[in-house]
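Everything below concerns the one structure shown next.
The values are calculated or read from the model by the stated rules, or taken from the named source; none is laboratory data. Small disclaimer: the values here were computed from a predicted structure and weren't measured. Cβ atoms come from the backbone with ideal geometry, glycine included; neighbour counts cover every protein chain shown.
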Amino acid sequence: MTHAVIIAGGRGERFWPKSREGLPKQFLRLIGDKTMLQGTVNRTEKLLAPENIYIITAENHLGTVQEQVPEIPQENIILEPCGRDTAAAIGLAAVIVQQKDAGGVMVVLPADHYVADNNRFAAVLQGAVEAARENRAVTIGITATRPETGYGYIAQGQYYQNFAGIPSYHVERFTEKPDRQKAAEFLEAGNYFWNSGIFVWKGDVIRQLIEEHLPALAVGLDKIEEAVGTTSYPQVLQEVYEGLPKISIDYGVLEKTREILMVPGNFGWDDVGTWTALEAYKEHDLNGNVLDGQGVLVDTTNTMVQGSDKVVATLGVDNLIIVESEGSILICNKQRAQDLKKVTKALQENGYKEIL
């Protein structure tokens, strides 16, 4: 059987002030009339029934998840007591899924990405699932089209074989976010793909890889597994989870693992990770501006304005991101959009935690 695990625990800091701790990016309507989570669930339903879709999220987001995707059974909503990054989240989800289907395949998906072609998305995932049935760890690579510094990269190796009509390749290596020069070299090389953060494997395969590369995490997951289905589960989960290593699945496992397969995922993917990335999906005026809300842009060029209930006026500015939401205002040079976490960190350090 195949199961999907949608990771919906991120904080979306690079979309402050629209994205807040209480309602982060994955629960916002950024493109179209659905939230990012709703869009992810809808396209996953092209492959799987709701009872085989799991969502892992923070405890304080339970109500939001239930409201936005009521078709997902409550027992399929896995709650993290605290954020410990993707290795712990995926490990916990594997423990829960294995209770239902010990030999099942897990499709791991971020909740906050955009996909243009849902039918192609389902076809590619079906191919990846077939590859995973051979006890392989599979990742989805996205053809790099620009020297992007905000994504990790996958170096494509030799062709392996087709699965359900979808080609697969050996992975030579994973590379984390490069600088501009290195990203340009990757693009010119032609065999580097963006790391989509979409992974497919059997539960026992990823558990084995975690045991091999992150033994402390494996020990913690074993303790949690013993408590699943008992009255002690909430307490054990709370106590053990806080002590698990805080590391991504990429750093902790994938970069150390050989014999990973990559399936190209040319289905119009974007992680929409910054305000500038979102801008590409908005209507522009003749001066290259985006006005989403109320206001006027006078002698203004290449500027994005996102407003809520305030009128925003600009005069004589260029290349800015201006976002007004719930009494907070962000003014940012577009070239610094990737660095927005510096702003949220500064706000935290200066006593503005209540607006984060």
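Selection of first residues in the stretch 277-296 that are closer than 26 Å to Glu148 by Cβ and of second residues that are assigned to a loop (DSSP other than H, G, I, E, B) and charged (D, E, K, R), restricted to Cβ pairs under 6 Å at least 6 apart or on distinct chains, gives the following pairs, ordered by first then second residue: Val290/Lys282. Pairs are defined by a Cβ separation below 9 Å, a sequence spacing of at least 6 or placement on different chains, a first member in the stretch 222-245 that is surrounded by 15 or more Cβ atoms within 10 Å (Cβ to Cβ), and a second member that is of a type in the set (Lys, Arg) and part of a helix (DSSP H, G or I); the pairs so defined are Val236/Lys223; Glu239/Lys223; Val240/Lys223. Annotation note: Cβ proximity below 7 Å between a residue of the stretch 336-356 that is part of a loop (DSSP other than H, G, I, E, B) and a residue that is among the basic types (Lys, Arg) (sequence gap 6+ or interchain) occurs for Leu356/Arg20. Within the stretch 167-194, being in contact with a Leu (Cβ under 9 Å, 6 or more places away or on another chain) and either surrounded by fewer than 18 Cβ atoms within 10 Å (Cβ to Cβ) or modelled with pLDDT of 95 or more (or both) holds for Ser168, Tyr169, His170, Val171. In a residue-by-residue description of the stretch 135-148, the property of being surrounded by fewer than 19 Cβ atoms within 10 Å (Cβ to Cβ), modelled with pLDDT of 95 or more and in contact with a strand residue (DSSP E or B) (Cβ under 9 Å, 6 or more places away or on another chain) applies to at least one position.
Checking each residue in the stretch 1-42 for being over 19 Å from Ile355 (Cα atoms), in contact with a helix residue (DSSP H, G or I) (Cβ under 9 Å, 6 or more places away or on another chain) and surrounded by fewer than 22 Cβ atoms within 10 Å (Cβ to Cβ) picks out Met1, Thr2, Arg29, Ile31, Gly32, Lys34, Gln38, Asn42. When the test is whether a residue is among the acidic types (Asp, Glu), surrounded by 18 or more Cβ atoms within 10 Å (Cβ to Cβ) and without any contact (Cβ under 8 Å) to a residue 60 or more places away in the chain, Glu71 does not pass it.
Selection of the stretch 228-274 for residues being more than 18 Å from the chain's Cα centre (by Cα), at pLDDT below 95 and small (Gly, Ala, Ser) yields only Gly229.
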